[in-house]
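Please read the structure below before turning to the comments.
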Amino acid sequence: MNFKPRDIVDQILPHRTPAQNQAKAYAPANIALCKYWGKRNETLKLPLTGSLSVSLAELGTHMQCRIAETDRLEINGQMQAADSKAFRRLFSFLELFREPGTHFHIQSTNTIPMAAGLASSASAFASAVNCLNLLYGWELSDRSRSILSRIGSGSASRSICAGFVEWYCGEQPNGMDSYAEALDETWPAFRIGILCLSDAEKAVSSGVGMQRTMDTAVLYQSWPTQVARDLPLLRRSIQDKDFECLGKTAEQNAMAMHATMIAAWPPILYWKPESIRTLHRVQQLRAEGVAVYATMDAGPNVKLVFLEPSQSDVQSAFPEMQVVQPFGSTCQD
Ligand code: PMV
């Protein structure tokens, strides 16, 4: 049977009667240490492999939803046209959850710098699901909210939880076993550095990019093998607080993902000269003894991972870097 998003939503939602007129919710953005790259089912956004990320604490999306006369969407205080990409994508998702004739006024505020090209769909779709959960009084579990968010955008499945999060690939055709869960581990000294290198809109979306890679890159055949090696290494390095293993695995995983894109046709080359300069600078810092590693997603920006004791060295090399503390501000380990 070919399941449609509506079938899955019907299976999860207890009803479609709003419990109140408005609700507010938040979801963090997330950065994958082992990437999600490729789907086994396009409509349900079921991944070909598992992935593992870290959520960005206070950097994400705050969303307010009010029952209204007509559909309206404001992002960071700016009203979006009904034919804009953001409006159409969000409302075609919201359509799955409401009775015909119900309209929403959505106000969405991103705390992640929009200019960094990081205001990803992940925190937007996860905050929308969190918001509807309150508006309708559904009291859904984390697992159900993760599955629903996944239908909006794959990586949104991981934005339901804080800290380290694993999204299970699953194998059921209806995707009910493909959801994300927080790892039972914290690492207070863990830091993410965000480098805003380019704010140009990307020419190839992540969805188009992963499909093209699967369809045309022979190298993509190696991707599931890469993930099968990296996921257990990351789980173990988080558990053992082995930062060198975590950093190496995360950087190699990101480079391997980009290798598959570059091997697609036409090639998908998100890197800009500044991205390459940054990657070289990271290698140079490591040669000087600073434990810092890089990761990149479907765009030219670079994110760094390091521990609190290296923060001043990394910050002096990248003065414009914004630092995120995924586990709060105490740093004893
Ligand atoms: O959920 P999407 O369609 O935005 O895909 C995200 C894909 C990557 O950011 C490249 C990797 C990941 O796991 O976040």
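The values are calculated or read from the model by the stated rules, or taken from the named source; none is laboratory data. This structure is a prediction, so every number in the text was calculated from the model and none was measured. Cβ atoms come from the backbone with ideal geometry, glycine included; neighbour counts cover every protein chain shown. Quick note on the areas: whole protein, heavy atoms, side chains included, nothing else; ligands and nucleic acids left out. Shrake-Rupley method; radii C 1.70, N 1.55, O 1.52, S 1.80 Å.
The label-point distance for N174 and A82, in a model that sets each label 7 Å from Cα toward Cβ, rounds to 3.5 nm.
The label point for V208 and the one for D242, both projected 7 Å from the Cα toward the Cβ, are 4.1 nm apart.
Taking a straight line from the alpha carbon of K272, these lysines sit under 17 Å away, with near neighbours fewer than eight places off in the same chain left out: K202, K303. Residues of the chain were split at every exposed loop site, defined as GluC sites (Glu not before Pro) in a DSSP loop with at most 15 other C-beta atoms within 10 angstrom, and the longest piece left, sites excluded, is 202-287.
Counting protein heavy atoms only, the chain has 51 percent of its accessible area on carbon and sulfur, 1.4 angstrom probe. Ordering M257, Q283, I268 by Cα displacement along the dipole of segment 236-300 toward the positive end leaves I268 in first place; charges were set at the Cβ atoms of Lys, Arg (+1) and Asp, Glu (-1). Cα centroid separation, segment 205-248 to segment 26-45: 12 Å. S108 sits with roughly 10 Å² accessible to a 1.4 Å probe, with DNA, RNA and ligands left out of the calculation. Counting Lys and Arg as +1 and Asp and Glu as -1, what is the net charge of the other residues whose Cβ lies under 12 Å from the Cβ of K272? Result for the local shell: 0.
Toward the positive end of the charge dipole of segment 118-200, with +1 on the Cβ of Lys and Arg and -1 on the Cβ of Asp and Glu, the farthest Cα among F190, G152, A180 is that of G152.
In percent, how large is the relative contact order of segment 190-324, given Cα pairs closer than 8 Å and 6 or more residues apart? Contact order relative to length: 41 percent. Under a model in which nothing but the beta-carbon of Lys, Arg (+1) and Asp, Glu (-1) is charged, segment 5-182 shows a dipole of about 260 debye around its Cα centre.
Converting the Cα gyration tensor eigenvalues of the chain into ellipsoid dimensions via √(5λ) gives semi-axes, longest first, of 32, 22, 20 Å. The 1.4 Å probe gives accessible areas that order H103, H258, H62, H280, largest first, as H280, H62, H103, H258.
What shape does segment 94-175 have by the C-alpha gyration tensor, where a ≥ b ≥ c are the square roots of the eigenvalues, rounded means a/c under 1.5, and otherwise prolate means a/b greater than b/c and oblate the rest? It comes out oblate by the Cα gyration axes.
The slack between R229 and S312, meaning 0.36 nm per residue of separation minus the straight C-alpha distance, is 26.7 nm.
Between the alpha-carbon centres of segment 58-95 and segment 136-197 there is a gap of 22 Å. To the nearest 10 degrees, how steep is helix 121-135 against the longest Cα principal axis of the chain, on a 0 to 90 scale? Helix 121-135 sits at roughly 40 degrees to that axis. What you get for the chain, charging only the Cβ of Lys and Arg (+1) and of Asp and Glu (-1), is a dipole of about 580 debye around the Cα centre.
Anisotropy class assigned to segment 190-324 is oblate, per the alpha carbon gyration tensor with a/c at or over the 1.5 cut-off and a/b no larger than b/c. The residues of the chain present an accessible area of 43 Å² per residue when probed at 1.4 Å with all protein chains retained. Sequence-distant contacts, meaning Cα pairs under 8 Å at least 6 residues apart, place the relative contact order of segment 1-78 at 34 percent.
Ordered from largest to smallest accessible area (heavy atoms of protein chains, 1.4 Å probe), the residues Y270, Y26 come out as Y26, Y270.
With no solvent and one point on each alpha carbon, what is the Debye value of log10 I(q)/I(0) for segment 5-182 at q = 0.13, 0.19 Å⁻¹? For the requested q values the scattering log ratios are -0.59, -1.29. When S149, S120, S141 are compared by accessible surface with a 1.4 Å probe, the order from highest to lowest is S141, S120, S149. The slack between I262 and D215, meaning 0.36 nm per residue of separation minus the straight C-alpha distance, is 15.6 nm.
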